[in-house]
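> Would you mind keeping the following structure in view while I ask a few things?
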Amino acid sequence: MSVILKELRNIIPFINRYKWHFWGGLIFIVLSACFSMYQGKIIAQATNKINELIKQNSVENNASTFLFYLLEMVLLTMVSGFFLFLTRQTIIVMSRHIEFEQKNQLFAHYQKMHTGFFKTNTTGDLMNRLSDDIAKVRMCTGPAIMYIANTFITMFIVLIFMLNVNASLTMYVFAPLPILSVFMYVISNRINKQSQLVQEQLSVVTTHTQESFSSIRVIKAYARELFFENKMNEIGLVYRKKALKLAAIEALFGPMMVLMIGLSVLFVVWKGGTLSIEGKIKPGNITEFIFYVYKLTWPFASLGWVTSLIQRAEASQKRLNEFLKIKPDVNDDLAVINSEPSGIIKFDNVSFTYPENNLMALKNISFEIKQGQFIGITGSVGSGKSTILNLLTRAYNVNTGEIKMNNENIKHYKLHALRKYIAVIPQDIFLFSDTIKNNILFGIENKVDDFEIIEVCKLAGILNDIEQFPQKFETIIGEKGVTLSGGQKQRLSIARALIDKTKKIILIDDALSAVDTETEAHVLSGIQKISNNYTVIMVSNRYSALSKTNMVICLSEGSIIEIGTPDELMKNKEGYLFNLSSIQRS
Ligand SMILES: Nc1ncnc2c1ncn2[C@@H]1O[C@H](COP(=O)(O)OP(=O)(O)OP(=O)(O)O)[C@@H](O)[C@H]1O
Ligand SMILES: [Mg+2]
């Protein structure tokens, strides 16, 4: 039990917050059980009455007596049912509140996590913990608590009722019940394990299905339909086998229960009969006891199921705790200043290794950027261009050296403040399945006039494209923006970055690679028009774009190999930029 409590201890503060629901629920269970069990007494009275009447041989005109018993039974059932309703309204409602709070807690925690966290944990895993695991914990804070309380309270009340009648008969009734619990526990355990296997296989099926359809175009292009179909069949067969085994184990549950009830009833009739003949109890007590046996069966049988609910909740809460324990690597621990960061940027001997693969992506990088400058970064694939931009927004912390803004280490700014002033146009653009307008306004908190949106779209060279859509700015773009071309997505993403006038720095990561040089020139001149207000850092491998900047940084394998104005660099006929320009001109 102590092992069980170890991880689930974290839900105690939640239960504490809803302690009135909890205690109220327990009181309602007691009341419901009392009224329900009292029916046993009525049954006993009714049976004794019948017995008496048979003895007296007067079998007529007793309808009103039995009608009275009947009314009593109905009334007791109704009152007991009412309290059962209140039990669910308190304990199950409590579990829903806790579920809600746990989801919010975990979601907020995810939001605080650093970029690396999302690289090492898959989206599927994050979602599973948020939905499945929290749902399993809810099964513990709701049904499990309710059924355990119900079992013990019912047992206690029945015990009192029974002992009141006859102690030795009580012993006989209770004898098979522990065996029933153990059996049920064993069966529940097996059901659990098998369900887990079925669940795992189901997720294999789902993943395969999902992959087959999300990549359907590639599958068709390579004519691989049959292969995917056969594989589906194969994993489907495994699933069927496991599901059938589960059904077989589940089928044991019912017969076991009937057998155990049968045994208890048998004891009652045999022992009760003897006691009744000896005159120690009345015949009505036998029917009363049989009633109790039936009332006790479900609480006892449910013990095994409830134990497995708790075990599952424990495992799930462990998974939740694992995540909740992680503190974000990138945090506000060193944030001491409240002033705004600026477009004056300095990299001072910065080196960086990605924690996920121990790969040194940047080596001793130093450069300085003045406010309002337009900077180009170029270099071959994997040379560290995007990494420089990642470090500027503190997607990761630098390992050695310092990045400064306005002569302050960027760690001294609050993360939120830092990112508020930087607009990012990433290499892999993400658009929401929403209207074009809402996609552009995604990062902005204040209200923007429509003419400003149009102005920005003109600068980003996307206005003509948008006007050609039937619904213009209200056009919904599909999941991940599939209805837009690569170049349109890039320009939309530029409009998203330019709309917010509070930004001081714009980072453009190769975001014009999918447009033709003419559009590129148009967008760049648009950006240059406003770049007095912004410091712009643009990653590009096009000479035509780089030639328009104030300074170009050329990277190779994480080190700077050339730095200077485009004119200066072009003087070096062996240099990277010169080489790039001659390849692209020819
Ligand atoms: N999240 C990451 N985790 C681990 N390694 C990474 C990660 N991102 C990049 N790298 C590695 O760091 C190095 C630099 O990557 P970076 O993305 O900065 O290159 P790049 O110059 O932007 O390349 P490209 O032109 O292809 O965009 C590469 O070797 C890459 O494999
Ligand atoms: Mg890159």
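> By how many nm would the segment from residue 17 to residue 152 lengthen if fully extended, with 0.36 nm per residue of separation less the alpha-carbon distance?
46.2 nm
> Could you rank the peptides 187-200, 96-109 by their average count of other C-beta atoms within 10 Å per residue, with the highest value first?
187-200, 96-109
> Highest mean first, how do 159-170, 64-75, 30-41 rank when packing is the count of other Cβ atoms within 10 Å averaged over residues?
30-41, 159-170, 64-75
> For a quick check: with amide H placed at 1.01 Å from N, whose amide H comes under 5 Å from residue 434's, ignoring anything fewer than 5 positions away on the same chain?
Under 5 Å from the amide H of residue 434: 477.
> Let me ask something else. Highest mean first, how do 518-529, 497-508 rank when packing is the count of other Cβ atoms within 10 Å averaged over residues?
497-508, 518-529
> Normalised by the number of residues in region 460-586, what is the relative contact order in percent for Cα pairs under 8 Å and 6+ residues apart?
This gives 18 percent for region 460-586.
> Once you keep just the Cα pairs under 8 angstrom separated by 6 or more residues, what percentage relative contact order results for the chain?
This gives 15 percent for the chain.
> Continuing with this model, one more query. Out of residues 5 or more away from residue 361 or on other chains, whose amide H comes under 5 Å of its own, with H placed 1.01 Å from N in the peptide plane?
Sorted by chain and number, the residues that satisfy this are 352, 353, 354.
> For region 2-325, what does the relative contact order come out to in percent, with C-alpha contacts under 8 Å and a separation of six or more?
34 percent
> In addition: Between 0 and 90 degrees, rounded to the nearest ten: what's the tilt of helix 517-530 against the longest Cα principal axis of the chain?
90 degrees
> What is the set of long-range amide H partners of residue 564 at a cut-off below 5 Å, with H atoms built 1.01 Å from backbone N?
When sequence neighbours closer than 5 places are left aside, the close amide H contacts are 552.
No value in this document is a laboratory result; all are computed from the given coordinates. Computed from a predicted structure; not experimentally measured. Please note: Cβ atoms are built from the backbone with ideal geometry, for glycine as well, and neighbour counts cover all protein chains shown.
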